[in-house]
Amino acid sequence: MSETEGARLFREAWIAGVRRHYPGEPKSGYVTPWEDTPEWEREAAGAVYEQVRQFLELSGGHASRLTREQKGRFVATCWIAQMYRHFEDPKPGYVADWADLPDWQQETDADIFEAIETSVN
């Protein structure tokens, strides 16, 4: 899968997760389609996709044994690194620690990991 395809998969998994887990009506920015997603966010999505893909590859298939929380934490940590890469002073919500993320976002991050996992198997 190309980096662009991986980034799109990440974004589509994010949108599906938000629609599934967000309580009420999500903010429009949370479900912005790929075509309208800012370039920095596309690049970050592609980088996190690639980090998860490599992690899965390097684990020799054993990453499937991680809990949903561990999978979600991995995605969240990779995302935080990208926020520091793209912003000198990122919004606090962009770099919030796992424990400070709302449940819907934790579940969505785990969904993203699992979507990538499914795509590479």
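Just so it is clear, none of the values below were taken in a lab; they were calculated from the coordinates. As the structure is a prediction and not an experimental result, all values here were calculated from the model. With ideal geometry, Cβ positions are generated from the backbone for all residues, glycine too; neighbour counts draw on all protein chains shown.
Here are a few things to note about the model shown:
- Footprinting exposure proxy for ARG65, ARG11, ARG53 (fewest neighbouring C-beta atoms within 10 Å first): ARG65, ARG53, ARG11
- Placing +1 on the Cβ of every Lys and Arg and -1 on the Cβ of every Asp and Glu, with no other charges, gives region 3-120 a dipole of roughly 280 debye about its Cα centre.
- Summary value for region 3-120: 39 percent relative contact order, contacts being C-alpha pairs under 8 angstrom separated by 6+ residues.
- The slack between GLU5 and ARG85, meaning 0.36 nm per residue of separation minus the straight C-alpha distance, is 26.7 nm.
- Listing SER119, SER64 from fewest to most neighbouring C-beta atoms within 10 Å gives SER64, SER119.
- 10 Å binning of all Cα-Cα separations within region 1-41, expressed as whole percents from 0 upward: 29, 53, 17, 1
- Overall form of the chain per C-alpha gyration tensor (a/c, 1.5; a/b vs b/c): rounded
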